[in-house]
Each structure stands twice: as structure tokens, then as C-alpha cells.
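Below is one structure, written out as C-alpha cells; the observations come after it.
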Amino acid sequence: KVLKTKKEQGKFLGWKAVYGYLKDPNDKYKLIVDENIKPIIEKIFSLALEGKSPRQIANILSDEKIPNPSVYANLNRGIKSTTYNLWCPRTIAEMLTNETYIGNLTQGRRKKVSYKSKKEMRTPKEDWIITPNTHKAIIDKDTFYTVQDLLKKNRNKEKIKKKENKN
């Protein structure tokens, strides 16, 4: 209950900020732009505006050897697998739909399966807690919403293609 209230007040409660942001050293409940990553976020949205799919964007970033979020956050300790530093299309898709990049704090996107487990599941969008204008945006709203429309159109095209292939 207390956590939900704090989230609704726009206080960031995550252990790690969203890729592209850092926790403000002066206020642990606030996010500030990570200037090192800002150009990568802008590039991802710009590629999406050009009509590139999350898979195409993931391939471009992997080819350019741009560190993915877990490598950047140094979460891949130990064994470096063959997929080390490869971008995942799902990560790109999640980033492209994350309102955090337009300055809206988005929390509750995932929840733990149980307190005993580290496993998390994605929660439906209607259960997210979104607080507008809590921090500096990296992406302007026009760009963000244009990308949302493009993603929707691409998804519909894929559904139509699948149906055509079945006939």
C-alpha cells in the first residue's frame, strides 16, 4: 500500500534506473538523464521513425557493437556467452513503448511471481502506474507517439501476412 502510494506520487522505487537514466545521487526517488546513453536512445527512436522493426534495430545496434543494457549495467558477470552484447528485439520493443523516455515515470511493468522467487512476469498495461512529467524527457512526445502508430501498423501488417500465408 505504501509503495503503491509512493509510486503514484511519482517517486522512483526501482533498484536500477531504466536504460538511458540514472538515479539522482541527490534524491534516490528521482531520475536524471544518462548523457552517455541518451544518443543511443535517440538513435533507436530515429531508426523506428525510419520504419525499421525492433529486430532490424537490434541487429543494427549489435553490428555496431553498442553495449546492450545488461552489458552497460555490468549485469553479465562471469561467463560471456556467444549472445553476449547482442541486442534483443523484445528489449527494443519494450524501449520503444516505454513512456519513461517522454518524462512519464512508468512503474509496475513487471511483478515478482512470488516473494520467494527472483522470477518476474510482465504485467498488463492497465496495471502499470504512470506518473506524467516526473523527469526530463529524452524523446519528444511527437516522435514517441508517431513511433507508437508505426509499431501498431507493422504489427497489423504481420497479422495480415500470417493470415495470407495460411490460405
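The values are calculated or read from the model by the stated rules, or taken from the named source; none is laboratory data. These numbers were taken from a predicted model, which means no experiment stands behind them. Cβ coordinates were reconstructed from backbone atoms using ideal geometry, including for glycine residues, and neighbour counts include every protein chain displayed. In case anyone asks, the SASA skips ligands and DNA or RNA and just uses the protein heavy atoms, side chains included. Shrake-Rupley method; radii C 1.70, N 1.55, O 1.52, S 1.80 Å.
Tally the residues that are open to solvent by 20 Å² or more (accessible area, probe 1.4 Å) and in contact (Cβ under 8 Å) with a residue 40 or more places away in the chain, restricting the search to the stretch 96-121.
Qualifying residue count for the region: 3.
Provide a single number: the residues in the stretch 75-98 that are at pLDDT below 60 and either of a type in the set (Val, Ile, Thr) or in a helix (DSSP H, G or I) (or both).
Within the stretch 75-98, residues that are at pLDDT below 60 and either of a type in the set (Val, Ile, Thr) or in a helix (DSSP H, G or I) (or both) number 2.
For the stretch 21-55, which residues satisfy the criterion of being over 24 Å from Gln148 (Cα atoms) and over 17 Å from the mean Cα position of the chain (by Cα)?
Asp24, Pro25, Asn26, Asp27, Lys28, Tyr29, Lys30
Quick one: count up the residues across the stretch 27-64 that are crowded, with 18+ Cβ neighbours inside 10 Å and under 21 Å from Gly108 (Cβ atoms).
2
Of the conditions (1) at pLDDT below 95; (2) surrounded by 19 or more Cβ atoms within 10 Å (Cβ to Cβ); (3) aliphatic (A, V, I, L, M); (4) more than 14 Å from the chain's Cα centre (by Cα), Val18 satisfies every one except a single condition; which number is it?
(4)
Assuming Pro124 fulfils every condition listed in (1) more than 12 Å from the chain's Cα centre (by Cα); (2) open to solvent by less than 30 Å² (accessible area, probe 1.4 Å); (3) under 18 Å from Lys7 (Cβ atoms) apart from one, which condition is it?
Tallying (1) more than 12 Å from the chain's Cα centre (by Cα); (2) open to solvent by less than 30 Å² (accessible area, probe 1.4 Å); (3) under 18 Å from Lys7 (Cβ atoms), Pro124 fails exactly one: (2).
Output the qualifying pairs, or none if there are none: Cβ atoms under 8 angstrom, residues six or more apart or on different chains, first residue in the stretch 4-26 and farther than 15 Å from Arg109 by Cβ, second residue among the β-branched types (Val, Ile, Thr) and open to solvent by 60 Å² or more (accessible area, probe 1.4 Å).
Listed pairs, sorted by first residue: Leu22/Ile32; Lys23/Ile32; Asp24/Ile32.
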